[in-house]
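Worksheet: the structure to be examined is printed underneath.
The values are calculated or read from the model by the stated rules, or taken from the named source; none is laboratory data. It should be emphasised that the depicted structure is a prediction, and the values quoted were computed from it without experimental measurement. Please note: Cβ atoms are built from the backbone with ideal geometry, for glycine as well, and neighbour counts cover all protein chains shown. Protein only, heavy atoms only, side chains kept; ligands, DNA and RNA dropped before computing areas. Shrake-Rupley method; radii C 1.70, N 1.55, O 1.52, S 1.80 Å.
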Amino acid sequence: MDKKALLIALLLTSGLASAQEADPDGFTQPLKELKFNPGLDQREFERATLDALNVFDPFESWNRRVYHFNYRFDEWVFLPVVRGYTFVTPRVVRSGVSNFFSNLGDVPNLLNSILQLRGQRSMQITARLMFNTTIGLAGLWDPATRMGLPKQNEDFGQTLGHYGVSEGPFLMLPVLGPSNLRDTSGLVVDFVAEDQINFLNVAEASSNHPEITVLRMVDKRYSTNFRYGQLNTPFEYEKLRYVYTQARRLQIAE
Amino acid sequence: MLRLRLAALLGSLIFCAQVLAADLDANTYGFPITNPFEATIATTPPDLRSQVPANEDINQSDYDLKLRPERETELPDNFWPVKSLRYRLARQKGPAPLVFVIAGTGGHYASTHAESLKRLFYGAGYHVVQLSSPTSYDFMAAASRHATPGISSEDADDLYRVMQAVRAQHPSLPITDFYLTGYSLGALDAAFVSHLDETRRSFNFKRVLLLNPPVNLYTSVTNLDRLVQTRVKGVDDTTTFYQVVLGKLTRYFQQKGYIDLNDALLFDFQESRQRLTNEQMAMLIGTAFRFSSSDIAFTSDLINHRGLITPAKYPITEGTSLTRFYKRALQCDFDCYITEQLIPYWRAKYDGGSLSQLINQVSLYALEDYLKGSSKIAVMHNADDLILGPGDLGFLRRTLGDRLTLYPHGGHCGNLNYRVNGDAMLEFFRG
């Protein structure tokens, strides 16, 4: 008798539980639990999105032309070259190349992290540079990440932002893509700094052997996942502009 | 007496279990994300996904089709990338069956779900062709005859022409059989394409798999439109929804100490103190769909010179700012697109009547008899899918019987890359 009672109780409770969760077809009605705004207050999507479209872009017409130039350059020059590069070099070589240039990039990362007076981060990047340059054979291999020292990007644009320099107008740079006035100046400073420091003698070698610079650009495109048209919208320019602006703010705040 | 009742109860339970043979219970299924919004956004945790080849190990290329040469001159200059239709073909070395994959609402042939399905089928030895959705910007511009998507039979007709053109572009590709699949709206398209194929017979699809299809298209559209009307905590007069989410992301990365974007990011984020609420996630999902609806409204209006969003004959060059048209298009949700563009077009072309007539014509209901009788079609769906309404699963159960597999969790398409789902898809195709 007890067993029967137990069985009935079980059946009843399981029936109740499933009645709360699912209808007789098994549908659990996921929207039922959501809280909705009352009728007159349902325009948050429109409000937020229209607000997000306000980016300071006085050179928009020029920027858009550059965007279309970059799109074509990517399709007709950059990506075919990257495909050729992927075809002729084995994967281990490609990752060696990426690691090598990434290690070089840790020099401006360190510099900017010091300029921002970030002690712990500077030490971590110094450790990364040491491990990757020595154990990692001049950066061909990236043991530091495996040792728990993740890559941390800091550039001069971020340093400027860190000290409150405003973004300035949005700029679409030929080949390099979205930027703004502050980050473009930062780019120039980082470039000059790297040239002066001449870490591992790469800057000097590059001026005699432009193929190093070309390889670096190919590697940069190879390791960047973005593809023009991938967002598949007539408003890709607007979306890139918004995402770039927000991503930079996030990097500066972090 | 009591015994009799018990026996009857148990009997009916056993009977129920038989009817629901294709239902998986949550424990056996083992999908870890029981929140449908989280599943929709983050999909399967990386270590539970199907084992698939890396992109670099897939022999694949993108190809162009020129299907609507008149658009070359009709469309403004800044549409140059979508004047021909692009698709992706991954080919096996020798003879193999070919799977067509149709993307969901607004989806590109290379969108995330289409890519992950490609990897799955390619890894199992199929040639794979990925196609953009008839509702996507590129398809509307380059392949659609009327560029007013939403009438399922017409969209299927457009798709069918594209598939025939794809086949004609690779005459030497050794294909043994044709298979067809699609997810979300692409699954509804797949059903209509399969139906069309019964008369045109270009492919004779061996099996057709519908992944998370809308049943009643209007229910799905209404659900998606509603997702952006949720009450989101933190939104006030000075803070917009995006600012709330970005603020959370910023604090999350600050606590973490560095920015690392990877597959596991979202799971880690949802474990953190900054986790998003259901309303916030619903808003994010709804936002993605609203972006699609504004793209559709804008593109359809522009191609057909309706003058609702872009004034007819407005000069557009590569330097023209589209932002103000975007602002107008953003205020048009799916319902607005249907009312302002789809229904007038449908009425003019088919002498159509009421909204409910249109809904019946474009939803799975229209294919009820075909779905009932055609054993080569199966549906996989989730009990907690956001695009369904009450009664939809009942329709699928009645129509497909045990050809419906119902998973207890996964939200909208969140479990497509889960191992168990992947195995079931391959199993179905293997027959």
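Please determine, by comparing only the residues of region B:205-251 that are open to solvent by less than 10 Å² (accessible area, probe 1.4 Å), in a helix (DSSP H, G or I) and not aliphatic (A, V, I, L, M), which one is farthest from residue A:50 (Cα to Cα).
Step by step, filter region B:205-251, then rank; the result is B:220.
Say we look at region A:199-254 and pick out the residues that are of a type in the set (Val, Ile, Thr) and within 14 Å of chain B (Cβ to nearest Cβ); which of these is surrounded by the fewest Cβ atoms within 10 Å (Cβ to Cβ)?
The residue in question is A:224.
Determine whether residue B:51 is open to solvent by 50 Å² or more (accessible area, probe 1.4 Å), in the same structural domain as residue B:162 (by TED's automatic domain parsing) and at pLDDT 95 or above.
yes
Just to be sure I understand, how many residues within region B:271-288 are assigned to a helix (DSSP H, G or I) and open to solvent by 20 Å² or more (accessible area, probe 1.4 Å)?
Summing the residues that are assigned to a helix (DSSP H, G or I) and open to solvent by 20 Å² or more (accessible area, probe 1.4 Å) in region B:271-288 gives 5.
Considering region A:67-114 alone, what residues qualify as being open to solvent by less than 20 Å² (accessible area, probe 1.4 Å) and acidic (Asp, Glu)?
Of everything in region A:67-114, those that are open to solvent by less than 20 Å² (accessible area, probe 1.4 Å) and acidic (Asp, Glu) turn out to be A:74, A:106.
In region A:109-121, what residues are modelled with pLDDT of 90 or more and small (Gly, Ala, Ser)?
Matches in region A:109-121: A:113 only.
Inside region B:324-345, can you point out the residues that are farther than 19 Å from residue B:219 by Cα and of a type in the set (Phe, Trp, Tyr)?
B:325, B:326, B:345
Could you say which residue among B:42, B:22 is under 30 Å from residue B:221 (Cβ atoms), modelled with pLDDT under 95 and more than 13 Å from every other protein chain (Cβ to nearest Cβ)?
B:42 is the lone residue from the list that is under 30 Å from residue B:221 (Cβ atoms), modelled with pLDDT under 95 and more than 13 Å from every other protein chain (Cβ to nearest Cβ).
From A:139, A:164, grab the single residue that is more than 20 Å from the chain's Cα centre (by Cα) and crowded, with 20+ Cβ neighbours inside 10 Å.
After ruling out the rest, the residue left standing is A:139.
What are the residues in region B:104-123 that are outside any helix (DSSP H, G or I) and either touching a Phe, Trp or Tyr at 6+ places or on another chain (Cβ under 6 Å) or not small (Gly, Ala, Ser) (or both), if any?
B:104, B:105, B:108, B:109
Tell me which of these residue A:58 doesn't satisfy, since it passes every other one: (1) touching a Pro at 6+ places or on another chain (Cβ under 8 Å); (2) within 8 Å of chain B (Cβ to nearest Cβ); (3) surrounded by fewer than 16 Cβ atoms within 10 Å (Cβ to Cβ).
Against the list (1) touching a Pro at 6+ places or on another chain (Cβ under 8 Å); (2) within 8 Å of chain B (Cβ to nearest Cβ); (3) surrounded by fewer than 16 Cβ atoms within 10 Å (Cβ to Cβ), residue A:58 comes up short only on (2).
Based on this model, can you work out whether residue B:295 counts as facing chain A (nearest Cβ under 9 Å) and either within 17 Å of residue B:71 (Cβ to Cβ) or surrounded by fewer than 16 Cβ atoms within 10 Å (Cβ to Cβ) (or both)?
Here the answer is yes, as residue B:295 does meet what is asked.
Quickly run through region B:331-350 and pick out the residues that are of a type outside the set (D, E, K, R), surrounded by 14 or more Cβ atoms within 10 Å (Cβ to Cβ) and closer than 21 Å to residue B:289 by Cα.
Within region B:331-350, B:331, B:332, B:334, B:336, B:337, B:338, B:341, B:342, B:343 qualify.
Which of the residues belonging to region B:351-401 are surrounded by fewer than 16 Cβ atoms within 10 Å (Cβ to Cβ) and either in contact (Cβ under 8 Å) with a residue 40 or more places away in the chain or outside any helix (DSSP H, G or I) (or both)?
Selection gives B:351, B:353, B:354, B:355, B:365, B:375, B:390, B:391.
Here are the criteria: (1) open to solvent by less than 10 Å² (accessible area, probe 1.4 Å); (2) more than 22 Å from residue A:226 (Cβ to Cβ). Tell me which single one residue B:87 does not satisfy.
So the condition that residue B:87 fails would be (2).
Please enumerate the residues belonging to region B:124-182 that are assigned to a loop (DSSP other than H, G, I, E, B) and over 30 Å from residue B:419 (Cα atoms).
B:143, B:144, B:145, B:146, B:147, B:148, B:149, B:150, B:151, B:170, B:171, B:172
Specify the residue that is nearest to the chain's Cα centre (by Cα); the eligible residues are those in region B:273-287 that are within 11 Å of chain A (Cβ to nearest Cβ) and of a type in the set (A, V, I, L, M, F, W, C).
Looking at the filtered set, the residue picked out is B:285.
Could you grab me the full set of residues in region A:168-198 that are open to solvent by 40 Å² or more (accessible area, probe 1.4 Å), in contact (Cβ under 8 Å) with a residue 12 or more places away in the chain and among the acidic types (Asp, Glu)?
Residue satisfying the conditions is A:194 alone.
Can you pull out the residues in region A:147-193 that are closer than 14 Å to residue A:57 by Cβ, of a type in the set (A, V, I, L, M) and in contact with a Gly (Cβ under 8 Å, 6 or more places away or on another chain)?
A:181
Just to be sure before I move on: is residue A:205 at pLDDT below 95 and either at positive phi or in contact with a helix residue (DSSP H, G or I) (Cβ under 9 Å, 6 or more places away or on another chain) (or both) in the structure I sent?
For residue A:205, the condition - at pLDDT below 95 and either at positive phi or in contact with a helix residue (DSSP H, G or I) (Cβ under 9 Å, 6 or more places away or on another chain) (or both) - is met.
Please tell me if residue B:91 is among the basic types (Lys, Arg) and within 14 Å of chain A (Cβ to nearest Cβ).
no
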